[in-house]
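Asks: Here you go, one structure.
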Ligand code: SF4
Ligand code: SF4
């Protein structure tokens, strides 16, 4: 580790705040909940160790390259440490301040930069994703995936294994722009259809519209919307995140709605974060505050409403997997469970090590495939232990990551799809 002295090793643009660093009393309560500490037992790969490194860098005692960079880069950003910390340390804010510093001030290897740039040149763009869906379908049907499986480098192998089964009709489908409920309107909401979600998980968006309407919500889904910036925010690409946040706010702020509804845990947590992301921007700070105050995960919103639509009976055991960006980052744990329990006959069970990340974590399973694989296997084994008929989780990244390690053993759905089946579909 390079020993420096004097002024902070961070640049002056939003470095981790000294008072947030000082909140940590080094008690270590967060260590057992941290996935990377669980994997490697290394202090510097724990939340306490990472905060200590940030503290040293802020004092100018170490540089940002080398060990500092590696230990921060290995963090999943799962925020289990935020839940576990009895002192209220805001590790989420610290990490969000630190990652852009690394992106600006540390040069990644050429291959790492190339891979990450490729991910960000594709994921936030719906048209490019649709083209990728067509190519992905041809690739999946070509027999090449099996042939190349053993020879691809780990990152490309992960990308291949995580590609969802492509359904072109879904990838090119559009959502109705306005849906009115049949009875009286209880809430007016706008839906974020997203980028990856819109192309690869159109059915989840469609189910969200149907369930919201059945429960008395008028749903507006603006056509001209796109990526909310979540992947960029979590990866430290501040410019990208700020640009996407502003576009998203501009799209939604004029709509006459009570809430902006999201069905992707990672997107919801980022949209609630806009308030911090744009806090120093005089033109956008208030707009971001107003916007973030209206953001609700779909589970959160529906749990506020007394169930109105009749549910069909479903005699099944369902395991609920807490997506980190819903449970740890937004504190939404009880609402999805309570909603599922409104379905008669449904038994909702928790998983062992429920607080432990599945290894998905935004683009973590693409850029850090080895630890992500260990966490994915562990999650799959924990699911097998409770032997559910179905697994539900409110994040597409978790669905893809778990499917990689569980295969087709247990069907997986977003909770809103199960609710849609109970309200609008045939009994399972
Ligand atoms: S982050 Fe919280 S739980 Fe972890 S060492 Fe610091 S004060 Fe303790
Ligand atoms: S965000 Fe997750 S991986 Fe990172 S330090 Fe906290 S618990 Fe560990």
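The values are calculated or read from the model by the stated rules, or taken from the named source; none is laboratory data. Here the structure is a predicted model, which means the values were calculated and not measured. Using ideal geometry, Cβ is built from the backbone for each residue, glycine included, and neighbour counts are taken over all protein chains shown.
Yes/no matrix, rows are residues, columns are (1) closer than 25 Å to residue 220 by Cα; (2) under 26 Å from the mean Cα position of the chain (by Cα):
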| position | (1), (2) |
| --- | --- |
| 135 | no, yes |
| 139 | no, no |
| 146 | no, no |
| 152 | no, no |
| 155 | no, yes |
| 170 | yes, yes |
| 180 | yes, no |
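Asks: Quick one: which residue in 292, 270 is in the same structural domain as residue 194 (by TED's automatic domain parsing), closer than 21 Å to residue 220 by Cα and free of Cβ contacts under 8 Å to residues at least 40 places away in the same chain? Even if it seems obvious, please write down each step before you answer.
Replies: Values: 270 fails: free of Cβ contacts under 8 Å to residues at least 40 places away in the same chain.
Of 292, 270, the one residue that is in the same structural domain as residue 194 (by TED's automatic domain parsing), closer than 21 Å to residue 220 by Cα and free of Cβ contacts under 8 Å to residues at least 40 places away in the same chain is 292.
Asks: Select from region 69-97 the residues that are within 19 Å of the chain's Cα centre (by Cα), assigned to a helix (DSSP H, G or I), more than 12 Å from ligand 1 (Cβ to nearest atom) and surrounded by 19 or more Cβ atoms within 10 Å (Cβ to Cβ) and list them in ascending order.
Replies: 72, 96, 97, listed by residue number.
Asks: Which of the residues spanning region 286-304 are surrounded by 14 or more Cβ atoms within 10 Å (Cβ to Cβ) and within 24 Å of residue 181 (Cβ to Cβ)?
Replies: Answer for region 286-304, where residues must be surrounded by 14 or more Cβ atoms within 10 Å (Cβ to Cβ) and within 24 Å of residue 181 (Cβ to Cβ): 294, 295, 296, 297, 298, 299, 300, 301, 302, 303.
Asks: So, one more: Can you tell me which residue within region 349-364, out of those that are at pLDDT 95 or above and not in a loop (DSSP other than H, G, I, E, B), is farthest from residue 80 (Cα to Cα)?
Replies: The selected residue is 349.
Asks: Now, a different point. Kindly indicate whether residue 103 is under 30 Å from residue 18 (Cα atoms), at pLDDT 95 or above and more than 19 Å from the chain's Cα centre (by Cα).
Replies: yes
Yes/no per residue for (1) closer than 20 Å to residue 262 by Cβ; (2) in contact (Cβ under 8 Å) with a residue 60 or more places away in the chain; (3) in contact with a helix residue (DSSP H, G or I) (Cβ under 9 Å, 6 or more places away or on another chain):
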position: 371; (1), (2), (3): no, yes, yes
position: 404; (1), (2), (3): no, yes, yes
position: 409; (1), (2), (3): no, no, yes
position: 417; (1), (2), (3): yes, yes, yes
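Asks: Here's a check for you: in region 19-37, which residue that is within 13 Å of residue 74 (Cα to Cα) and touching a residue at least 40 places away in the same chain (Cβ under 8 Å) is nearest to ligand 1 (Cβ to nearest atom)?
Replies: In this case the residue turns out to be 34.
Asks: Would you kindly identify the helices (runs of 4 or more DSSP H) lying entirely within region 116-208 that contain at least 1 residues that are modelled with pLDDT under 85?
Replies: In region 116-208, the matching helices (runs of 4 or more DSSP H) lie at 126-142, 144-148, 154-162.
Asks: For the structure I just gave you, tell me whether residue 36 is part of a helix (DSSP H, G or I) and within 8 Å of ligand 2 (Cβ to nearest atom).
Replies: So residue 36 passes the test.
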